[in-house]
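In what follows, a structure is listed as structure tokens, so that the remarks can point back to it.
Read-outs throughout are calculated quantities, based only on the coordinates presented, and are distinct from any laboratory measurement. Since the structure is predicted, the reported quantities are computational estimates derived from the model, not experimental observations. In this analysis, Cβ positions are derived from the backbone assuming ideal geometry, glycine residues included, and neighbour counts consider all displayed protein chains.
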Amino acid sequence: MKQELKNHLLPLLAIFVLTSIFWLFQKTVWYNFVFLFFGLLWGSFLLDIDHLIFWFYLKPDLEESLLAKNAWKKGDFKSLIKLLESTHENHTNLIFHHYFFQIVLTFISLFVFTSSSSIFAKALLLAINIHLLVDEIKDFKHNPEHLKLWLFARENKQLPTDSLKYYILTFVVLNLIFTFILFSSR
């Protein structure tokens, strides 16, 4: 789990530090730093709600789902995180880890980044986008077939494995643009 946290939080920490340094020279008001921090923090974990939906609603009869429900009722979040760590690769039919969600998220992000002045909303959306992108890059490096399995779940036709790198590259470029727009915000 430490590696998972590192994979998701390090890019966001880098964005927070770089944006903060840039904003310090621009004399940005202090509360924008707070909005940036909490937007990045909340967005980094928001996609993990998908696993709770999987356990509680999509597959409530699985043994791991019963363990998750018991841990949730007891408030044993440490056990819940450990269970997520050991079983997350089996969760291939998630709502927010699907290509269609990523496309919708991209359009919402484009709208918010170009028309809103809310630092929190921009940071939240950027963190969600980066979380999904990190998951995709990690799976693409280790097992592209597993990436296709969860990214295109519920689809009869899937993107050819050779085209996955272009798919991912598209979202890398979009996230760089979103990051640049966030830098420019104050």
Going by the structure shown, is Lys78 charged (D, E, K, R) and either surrounded by 13 or more Cβ atoms within 10 Å (Cβ to Cβ) or over 21 Å from His51 (Cβ atoms) (or both)? no
Could you list, in sequence order, the residues of the stretch 22-67 that are polar (S, T, N, Q) and either assigned to a helix (DSSP H, G or I) or loosely packed, with under 13 Cβ neighbours inside 10 Å (or both)? Gln26, Asn32, Ser44, Ser65
From the option list Ser79, Ser116, Ser86, Ser163, single residue qualifying as closer than 30 Å to Trp23 by Cβ and of a type in the set (S, T, N, Q) is Ser116
When only residues in the stretch 115-168 that are over 25 Å from Leu40 (Cα atoms) and of a type in the set (Phe, Trp, Tyr) count, which is nearest to the chain's Cα centre (by Cα)? Phe152
Contact list please: Cβ distance under 6 Å, first residue in the stretch 74-93 and in contact (Cβ under 8 Å) with a residue 24 or more places away in the chain, second residue of a type in the set (Gly, Ala, Ser), pairs at least six apart or on different chains. Thr92/Ala153; Asn93/Ala153
